Amino acid sequence: MNKFRRSKVYCAIVIAMNLAGLGEANADPTSDGIGGQLKTDGQLGLTTPRDIPKNNGVYNVDAKGDAVFSSSGKNVFFSFSNFRIDTNESAVFDCSAGCGNTSNVITRVNSNPAEVYGNLTSKINSANFYLLSDQGVIFGKNATIDVPGALHVGATNTLIFSAGQNLDGNTTNASTLDADPKAFGFLIANSLSKITLGEDDKSVGKPNITHITASGPVELSAEQVEVAAGSTLDAKTKGTNTISSTLDIKAIQVGNGPSGITIRNGSNLTESSGGKVTLETSNSGVDTQSGNITVESGATVNNVSSLKSDFSNVTVKGTVNMVSTVAKASTVSAGGILTVDTGGTVEDKGDGNLTVAAVTGPVNVNGLLKSSGDLTVTVNPSASILTATTGTTQAGKNLNVQGGHRLIERRHHHGKPRCHCARDGCELVGRSPSHGGQPRIRGGRWGHQRQRDWHSQRPRGQCVGVWQ
């Protein structure tokens, strides 16, 4: 083939790639990245798909030309077929005109996952930012997301509005969706409905921290949510518009599809601006099952106010640092079995109390379960609280146990643990009891009933429960 014919073939290939949304300007990977591309799909009222041009590594996305406005301008809708921001790239959402009433920016991605390895920023008023794709959402291990309002991320194609309307795969014109968004919809089991945090971005020499900054709550909802091994997610939700806010991670079970929240080994998840973290697995409203919550060995989750699986198990092999307040206890709840495994820690370091419950199964403590205040543990009447030789259940004040077999230590010949109320409160440790097989209680300085030790005459904490 001569040089002229080769050139014609090359040009034809380039033209075909551009028509397919794979143009050189937007799709070529950087030297240490994935390769980015933003392309609108011409849906929801727009008629012409187009590649968002990249200038000096920045995609400038203008609502005036690239979005559909609802009738009042309250909601602005973007629809993309490709949404991939490389580790050395930025996408900036702005509005040159028409956004005076805008309070919600809604970004939908069709046919492909929403992938953010670089910087995603919104500058549209103080608007809440919604990002959804039923092909999954990926935040890279060095991604930065910065929005002026709340952030809502959903691995679904359905967004439900307060007026009863839906944005979904059948929506052809979004201008009639003028109410506030209410919730993401999860209607059918979808194995691709997954949010991955801290995904490898092929970069070298970067700090491996995913930053999320919002002036309001951050919601991450999918059928599966995973924090990648060795990564760090740092969320700041307490902006100028809020007094107290949360990072809410939710996994919704749909039918028999896969579901759950997994914090992989060596990862770190925190809210660092004074807000709280909640992790919850639930269902779509018609099922009686939900996914498990698993915190693997070496993983740490900080500033947690609630850790809850509606119908399944909670397993902690790493560290979960709970934060209660005087007004509200922190909670750990499993619909099935709750296990603090060997080497695992669940500890409340706040000003209030810790409440722990397992609805159908036992509470297995092979590691450390600890509260700086009162610790209340509730199990199914037919289940047990099992504190192994290596485990400790400790309350800074009162240890309250409610359930069936209550407190059992399975390894020693007595089959019972010792409940110890000392100066710093009460603890249940994996040791043999004294005094005829009953728990031995010694003096401390805490406790509502201010019972007295015979020798020390100091008030102590109280261990409440039936030992069998």
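Tell me, which strands (runs of 3 or more DSSP E) wholly within region 345-397 include 3 or more residues that are of a type in the set (A, V, I, L, M)? Can you show your working first?
Values: elements: 345-348, 354-358, 363-365, 368-371, 375-379, 385-387, 392-395.
In region 345-397, 354-358, 375-379 are the strands (runs of 3 or more DSSP E) which contain 3 or more residues that are of a type in the set (A, V, I, L, M).
For residue 272, indicate whether it is among the small types (Gly, Ala, Ser) and within 26 Å of residue 216 (Cβ to Cβ).
Working: among the small types (Gly, Ala, Ser): yes; within 26 Å of residue 216 (Cβ to Cβ): yes.
For residue 272, the condition - among the small types (Gly, Ala, Ser) and within 26 Å of residue 216 (Cβ to Cβ) - is met.
Let me confirm something: among 65, 33, which residue is at pLDDT below 95, surrounded by 14 or more Cβ atoms within 10 Å (Cβ to Cβ) and of a type outside the set (Lys, Arg)?
Values: 65 fails: surrounded by 14 or more Cβ atoms within 10 Å (Cβ to Cβ).
When all the criteria are applied, what remains is 33.
Would you be able to tell me the number of residues in region 131-146 that are over 14 Å from residue 222 (Cβ atoms) and touching a Leu at 6+ places or on another chain (Cβ under 8 Å)? It would help to see each step written out before you state the result.
Just the residues of region 131-146 that are over 14 Å from residue 222 (Cβ atoms), to begin with: 140-146.
From what's left, touching a Leu at 6+ places or on another chain (Cβ under 8 Å): 143-146.
Result for region 131-146: 4.
Among strands (runs of 3 or more DSSP E) lying entirely in region 181-254, which contain 1 or more residues that are under 20 Å from residue 129 (Cα atoms), of a type in the set (S, T, N, Q) and touching a residue at least 40 places away in the same chain (Cβ under 8 Å)?
On the way: elements: 181-185, 194-199, 209-213, 218-222, 224-227, 232-236, 246-253.
Qualifying strands (runs of 3 or more DSSP E): 194-199, 209-213, 218-222, 246-253.
Please work out if residue 112 is under 16 Å from residue 37 (Cα atoms), surrounded by fewer than 19 Cβ atoms within 10 Å (Cβ to Cβ) and modelled with pLDDT of 95 or more. Break it down stepwise before answering.
Numbers: under 16 Å from residue 37 (Cα atoms): yes; surrounded by fewer than 19 Cβ atoms within 10 Å (Cβ to Cβ): yes; modelled with pLDDT of 95 or more: yes.
When the stated conditions are applied, residue 112 passes them.
Taking the condition of being out of contact with any Pro (no Cβ under 9 Å at 6 or more places or on another chain) and among the aromatic types (Phe, Trp, Tyr), how many residues in region 142-180 meet it?
Within region 142-180, residues that are out of contact with any Pro (no Cβ under 9 Å at 6 or more places or on another chain) and among the aromatic types (Phe, Trp, Tyr) number 0.
Go through region 40-84 and give me each residue that's out of contact with any strand residue (DSSP E or B) (no Cβ under 8 Å at 6 or more places or on another chain) and touching a residue at least 60 places away in the same chain (Cβ under 8 Å).
71, 72
Does residue 269 qualify as being of a type in the set (A, V, I, L, M), under 11 Å from the mean Cα position of the chain (by Cα) and under 30 Å from residue 374 (Cβ atoms)?
Working: of a type in the set (A, V, I, L, M): yes; under 11 Å from the mean Cα position of the chain (by Cα): yes; under 30 Å from residue 374 (Cβ atoms): yes.
Criteria met by residue 269.
Looking at region 136-148, can you tell me whether even one residue there is modelled with pLDDT of 95 or more, over 30 Å from residue 263 (Cα atoms) and among the aromatic types (Phe, Trp, Tyr)? If you could, list the steps in order and put the result at the bottom.
To start, the set of residues in region 136-148 that are modelled with pLDDT of 95 or more comprises 136-148.
Subset that is over 30 Å from residue 263 (Cα atoms): none.
No, that holds for no residue.
Just checking: which of the strands (runs of 3 or more DSSP E) contained wholly in region 111-158 hold 3 or more residues that are not charged (D, E, K, R)?
Qualifying strands (runs of 3 or more DSSP E): 119-122, 128-132, 137-140, 151-154.
Could you check, for region 163-175, whether at least one of its residues is crowded, with 22+ Cβ neighbours inside 10 Å and part of a loop (DSSP other than H, G, I, E, B)?
Applying the first criterion (crowded, with 22+ Cβ neighbours inside 10 Å) to region 163-175 yields 167, 174.
Remaining after also requiring part of a loop (DSSP other than H, G, I, E, B): none.
Taking every residue of region 163-175 in turn, none turns out to be crowded, with 22+ Cβ neighbours inside 10 Å and part of a loop (DSSP other than H, G, I, E, B).
Restricting attention to region 85-114, report how many residues are closer than 16 Å to residue 72 by Cα and free of Cβ contacts under 8 Å to residues at least 60 places away in the same chain. It would help to see each step written out before you state the result.
Start the filter on region 85-114 by keeping residues that are closer than 16 Å to residue 72 by Cα, which leaves 95, 97-106.
Then drop every residue that is not free of Cβ contacts under 8 Å to residues at least 60 places away in the same chain, which leaves 95, 97-102, 105.
Going through region 85-114 one residue at a time, the tally reaches 8.
Yes or no: region 263-280 includes at least one residue that is of a type in the set (Lys, Arg), within 24 Å of residue 183 (Cα to Cα) and surrounded by 22 or more Cβ atoms within 10 Å (Cβ to Cβ).
So in region 263-280, the residues of a type in the set (Lys, Arg) come out as 264, 276.
Those still in the list that are within 24 Å of residue 183 (Cα to Cα) too: 276.
Still in the list and also surrounded by 22 or more Cβ atoms within 10 Å (Cβ to Cβ): 276.
Yes - at least one qualifying residue is present in region 263-280.
If you check 324, 372, 309, 382, which single one turns out to be modelled with pLDDT under 95, buried (at least 21 other Cβ atoms within 10 Å of the Cβ) and of a type in the set (S, T, N, Q)? Outline the logic, then answer.
Values: 324 fails: modelled with pLDDT under 95; 309 fails: modelled with pLDDT under 95; 382 fails: buried (at least 21 other Cβ atoms within 10 Å of the Cβ).
Of 324, 372, 309, 382, the one residue that is modelled with pLDDT under 95, buried (at least 21 other Cβ atoms within 10 Å of the Cβ) and of a type in the set (S, T, N, Q) is 372.
When you scan region 242-254, do you find a residue that is surrounded by fewer than 21 Cβ atoms within 10 Å (Cβ to Cβ), among the small types (Gly, Ala, Ser) and within 26 Å of residue 284 (Cβ to Cβ), even just one?
No: zero hits.
Tell me which of these residue 48 doesn't satisfy, since it passes every other one: (1) modelled with pLDDT of 95 or more; (2) out of contact with any Pro (no Cβ under 7 Å at 6 or more places or on another chain).
Single failed check for residue 48: (1).
Rundown of residues vs (1) in contact with a His (Cβ under 9 Å, 6 or more places away or on another chain); (2) touching a residue at least 24 places away in the same chain (Cβ under 8 Å); (3) of a type in the set (Phe, Trp, Tyr), yes/no style:
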| position | (1), (2), (3) |
| --- | --- |
| 277 | no, yes, no |
| 285 | no, no, no |
| 291 | no, yes, no |
| 294 | no, yes, no |
| 298 | no, yes, no |
| 303 | no, yes, no |
| 306 | no, yes, no |
| 311 | no, yes, yes |
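Can you tell me which residues in region 199-211 are under 22 Å from residue 273 (Cα atoms) and surrounded by fewer than 24 Cβ atoms within 10 Å (Cβ to Cβ)?
Step one: of region 199-211, the residues under 22 Å from residue 273 (Cα atoms) are 207-211.
Passing the criteria: 207, 208, 209, 211.
Of all the residues that make up region 176-198, how many are buried (at least 21 other Cβ atoms within 10 Å of the Cβ) and over 30 Å from residue 70 (Cβ atoms)?
So the count comes out to 3.
Restricting attention to region 147-157, does a residue exist that is under 22 Å from residue 44 (Cα atoms), surrounded by 20 or more Cβ atoms within 10 Å (Cβ to Cβ) and without any contact (Cβ under 8 Å) to a residue 60 or more places away in the chain?
Our first condition is that a residue be under 22 Å from residue 44 (Cα atoms); within region 147-157, this holds for 151-157.
Adding the requirement that they be surrounded by 20 or more Cβ atoms within 10 Å (Cβ to Cβ) leaves 151-157.
After this cut, where a residue has to be without any contact (Cβ under 8 Å) to a residue 60 or more places away in the chain as well, the list is 157.
Yes; the residues of region 147-157 include at least one that is under 22 Å from residue 44 (Cα atoms), surrounded by 20 or more Cβ atoms within 10 Å (Cβ to Cβ) and without any contact (Cβ under 8 Å) to a residue 60 or more places away in the chain.
Restricting to region 281-301, name every residue that is crowded, with 20+ Cβ neighbours inside 10 Å and either among the aliphatic types (A, V, I, L, M) or under 11 Å from the mean Cα position of the chain (by Cα) (or both).
Passing the criteria: 281, 293, 295, 299, 301.
The values are calculated or read from the model by the stated rules, or taken from the named source; none is laboratory data. Because the structure is predicted, anything quoted here is derived from the model rather than measured. Note: ideal-geometry Cβ built from the backbone for every residue, glycine included; neighbour counts use all protein chains shown.
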